[in-house]
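The values are calculated or read from the model by the stated rules, or taken from the named source; none is laboratory data. The shown structure was predicted, so the numbers you read here are calculated from the model rather than taken from an experiment. Cβ: placed from backbone, ideal geometry, glycine included. Neighbour counts: every protein chain shown.
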Amino acid sequence: MNIKNNNYLSIAQLTDQYLGKAQRSDTRETTEGLSFQDILQQKALQGAGGLKFSKHCMGRLADRNIELTGSQLERLENGTKKAQQKGIRDSLVIVDQLAFIVNVPNQTVVTAMDSTETDDNIFTNINGAVII
């Protein structure tokens, strides 16, 4: 709308002029630097169970082309529950050829790797391991 009466702008023109630019921000990446695909994958993984995946973990999954199947995710959750029952705080959970470091009290997967990427097979800052 381009109505100018006595040099006054319409409400629509003012709204577009002052608020339009702020509302038209680029939504390809969030303030955390995650793309829509990363967020979608993270929400899908979180929706499947009680485990959360940290931003770091999501980056590692993407970088290493690791895709969890439903059964692997279920087994990861079961391994986390077993670690919780034994009082483990930070656990290494191995599912098939995949290794995950899980903060058990927070139910958060901190990082993930394929067994082919673990050169020395050394894991630090854990106080227990579950092999599923």
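In region 54-113, how many residues are among the acidic types (Asp, Glu), surrounded by fewer than 16 Cβ atoms within 10 Å (Cβ to Cβ) and in contact (Cβ under 8 Å) with a residue 12 or more places away in the chain? Spell out how you get there, then give the answer.
Pass one, region 54-113, residues among the acidic types (Asp, Glu): 63, 67, 74, 77, 90, 96.
Narrowing further to those that are surrounded by fewer than 16 Cβ atoms within 10 Å (Cβ to Cβ): 63, 67, 74, 96.
Next cut, in contact (Cβ under 8 Å) with a residue 12 or more places away in the chain only: 74, 96.
So the answer is 2.
All but one of (1) touching a strand residue (DSSP E or B) at 6+ places or on another chain (Cβ under 8 Å); (2) in a helix (DSSP H, G or I); (3) aliphatic (A, V, I, L, M) hold for LEU73; state the number of the condition that does not hold.
That leaves (1) as the condition not met.
I want to confirm something. Restricting to region 35-53 and keeping residues that are of a type outside the set (D, E, K, R) and crowded, with 17+ Cβ neighbours inside 10 Å, which single residue is modelled with the lowest pLDDT?
Going through the qualifying residues, I end up with LEU45.
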